[in-house]
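The values are calculated or read from the model by the stated rules, or taken from the named source; none is laboratory data. Given the structure is predicted, the values throughout are model-derived calculations rather than measurements. Virtual Cβ from ideal backbone geometry, glycine too; neighbours counted across all protein chains shown. Note: areas computed on protein heavy atoms with side chains; ligands, DNA, RNA excluded. Shrake-Rupley method; radii C 1.70, N 1.55, O 1.52, S 1.80 Å.
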Amino acid sequence: MAREDAVIINALVRQALVSAQEVMGENGLNAVLRSSGLERFIGNFPPDNLDPAIQASQYARFNAAIEEFYGRGGRGMLKRIGKASFEYAVREQAALLGVAGVALKLLPERQRIKFILNSMVSALKKSNAQVEAWVDDSGARVAYLESTCAICQGRVSETPVCHLYAGSIGEAVRWASGREHNIIETHCLAKGDPYCRFEIGDAKDA
């Protein structure tokens, strides 16, 4: 279960804010920061280091505020921010992610997908000891799971809420496999499940 004292490190908050500004524009981001009580980050993004930046509950409010701000378009907006977040990680944090100089082309697609998901797990755990995430390869579909998801912290919903996370995972899988795949969030902490679970579905061009 998510811890009440859970924190998000500076590097990941910076990654989310840079990506949100890229997708929403500066004015949109600033409005969301004000509505989620994170005004201190307006024009003042945290540094790119592993020190704790904010409480996970504040990060959850930030995600919820984007969904509220954009209404029906909020989920798509969050997925686009998640996509941009993974692109940022590859560009700025390739060593932490473990993808610098990696050649995946000779591996079967399932192995490539497992590689990048395990790389995401490893990077999260290296940067924050509180994180509990893992990859499940036992079923027909590879799945990515986290029982400490900050997006869900303190939130209650009848449907999954981790749209930004799904966007990041989707872009990671596209980066590794060369094809877009459907990402299905089957379980979510906000729904009362013990973890958030993202299945890597079929390729969209299949």
Expected single match for under 20 Å from Arg75 (Cβ atoms), in a helix (DSSP H, G or I) and open to solvent by 30 Å² or more (accessible area, probe 1.4 Å) among Arg110, Arg174 is Arg174
Residues located in region 23-72, provided they are of a type in the set (Gly, Ala, Ser) and either surrounded by 12 or more Cβ atoms within 10 Å (Cβ to Cβ) or not in a helix (DSSP H, G or I) (or both): Gly28, Ala31, Ser35, Ser36, Gly37, Gly43, Ala53, Ala56, Ser57, Ala60, Ala64, Ala65
Exactly one of these conditions fails for Ala20: (1) part of a loop (DSSP other than H, G, I, E, B); (2) on the phi < 0 side of the Ramachandran plot. Give me its number. (1)
From Tyr195, Tyr144, Tyr88, Tyr165, which residue is under 15 Å from Leu12 (Cβ atoms) and at pLDDT 95 or above? Tyr165
For residues in region 114-158 being part of a helix (DSSP H, G or I) and among the small types (Gly, Ala, Ser), which is most open to solvent (accessible area, probe 1.4 Å)? Ser122
In region 177-197, which residues are assigned to a strand (DSSP E or B) and farther than 13 Å from Ile116 by Cβ? Asn182, Ile184, Glu185, Thr186, His187, Cys196, Arg197
